[in-house]
Amino acid sequence: DTIEYKIVGDKATHTVESGETLTKIALKFYGSKNYWPYIAIHNKAALKNTNALSVGLQLAIPELKPANE
């Protein structure tokens with residue numbers, strides 16, 4: 001996907017479960033693991049390390065719109 005998106009709010013919240021990664025969460029909510037950076041950016045205050053998510057961490061899943069709209 002080469003389209004750039006802007007974050008326009010929250011789509012959902014998600015509680016991290018054991019073994020989950022940002023790519024798995026992106027795949028669940030967007031159908032593609034390529035969207036994980038948007039989740040990371042939207043939750044930058046809560047994420048210390050994007051490679052090691054804490055079980056039980058609440059993540060806001062961003063609502064995305066194409067940047068050219």
Nearest 500 deg cm²/dmol is fine: what mean residue ellipticity at 222 nm does the chain get from its DSSP H runs of n ≥ 4 alone, each adding -39,500 (n - 2.57), divided by its residue count? -6000 deg cm²/dmol
Stretch gain in nm, segment D10-V55, where the contour uses 0.36 nm per residue and the Cα spacing is subtracted: 14.1 nm
J(HN,Hα) series, the range 8-25, from Karplus relation 6.51 cos²θ - 1.76 cosθ + 1.60, nearest Hz, glycine and proline x: 10, x, 9, 8, 6, 10, 9, 9, 5, 10, 4, x, 7, 10, 4, 5, 5, 5
When the chain is treated as a GNM, springs tying every alpha-carbon pair under 10 Å, which of T23, T50, T13 comes out with the largest mean-square fluctuation? T13
Show S54, S18, S32 ordered by accessible area, largest first, where the area counts protein heavy atoms only and the probe is 1.4 Å. S18, S54, S32
What the 5 Å binned alpha carbon P(r) of the chain shows, as percent of pairs per bin from 0, is 3, 18, 31, 27, 13, 6, 2, 0
Taking H placed 1.01 Å from N in the peptide plane, check which residues at least 5 places from I61 or on another chain put their amide H under 5 Å from its amide H. K11, A12, T13, H14
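The values are calculated or read from the model by the stated rules, or taken from the named source; none is laboratory data. Small disclaimer: the values here were computed from a predicted structure and weren't measured. For the accessible areas, the whole protein counts, side chains as well, though only heavy atoms, and no ligand, DNA or RNA atoms are used. Shrake-Rupley method; radii C 1.70, N 1.55, O 1.52, S 1.80 Å.
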